[in-house]
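Structure first, then comments.
The values are calculated or read from the model by the stated rules, or taken from the named source; none is laboratory data. Please read all numbers here as calculations on a predicted model, not as lab measurements. Cβ atoms come from the backbone with ideal geometry, glycine included; neighbour counts cover every protein chain shown.
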């Protein structure tokens, strides 16, 4: 678990690729673990006999090995927020004030109907 291994693509299926590992075992890179971006077709990213590095993410009780190529990729870039937008803040304050006024009017009308 967690080891980075090198393997050769031996078989490609619609749901992923099987890698032949150095010790002779086979491991599966599921289609969702090939790339950080959406993968529609495995063959757009991997070809038979490609040598790739992957991280071991799980070893199941039946001996199957789950691998991930995307775990070795750089994390997705973070979107930096540049501070407050004064125009938005002004609109928000106006909305809150109008909302409070409407609630007060509504409460008054409900109280008048009860009397």
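List of remarks:
Every residue, every condition in (1) part of a strand (DSSP E or B); (2) within 24 Å of residue 4 (Cβ to Cβ); (3) modelled with pLDDT under 90, yes or no:
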residue	(1), (2), (3)
17	yes, yes, no
37	no, yes, yes
49	no, yes, no
55	yes, yes, no
67	yes, yes, no
74	no, yes, yes
77	no, yes, yes
82	no, no, yes
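- Checking each residue in the range 22-44 for being in contact (Cβ under 8 Å) with a residue 40 or more places away in the chain and crowded, with 17+ Cβ neighbours inside 10 Å picks out 27, 29.
- Members of the range 19-35 that are assigned to a loop (DSSP other than H, G, I, E, B) and over 23 Å from the mean Cα position of the chain (by Cα): 22, 23, 24, 25
- Any hit, the range 87-107, residues being part of a loop (DSSP other than H, G, I, E, B) and either out of contact with any helix residue (DSSP H, G or I) (no Cβ under 8 Å at 6 or more places or on another chain) or in contact (Cβ under 8 Å) with a residue 40 or more places away in the chain (or both): no
- On inspection, residue 43 passes the criterion of being assigned by TED's automatic domain parsing to the domain that holds residue 11 and either on the phi > 0 side of the Ramachandran plot or in a helix (DSSP H, G or I) (or both).
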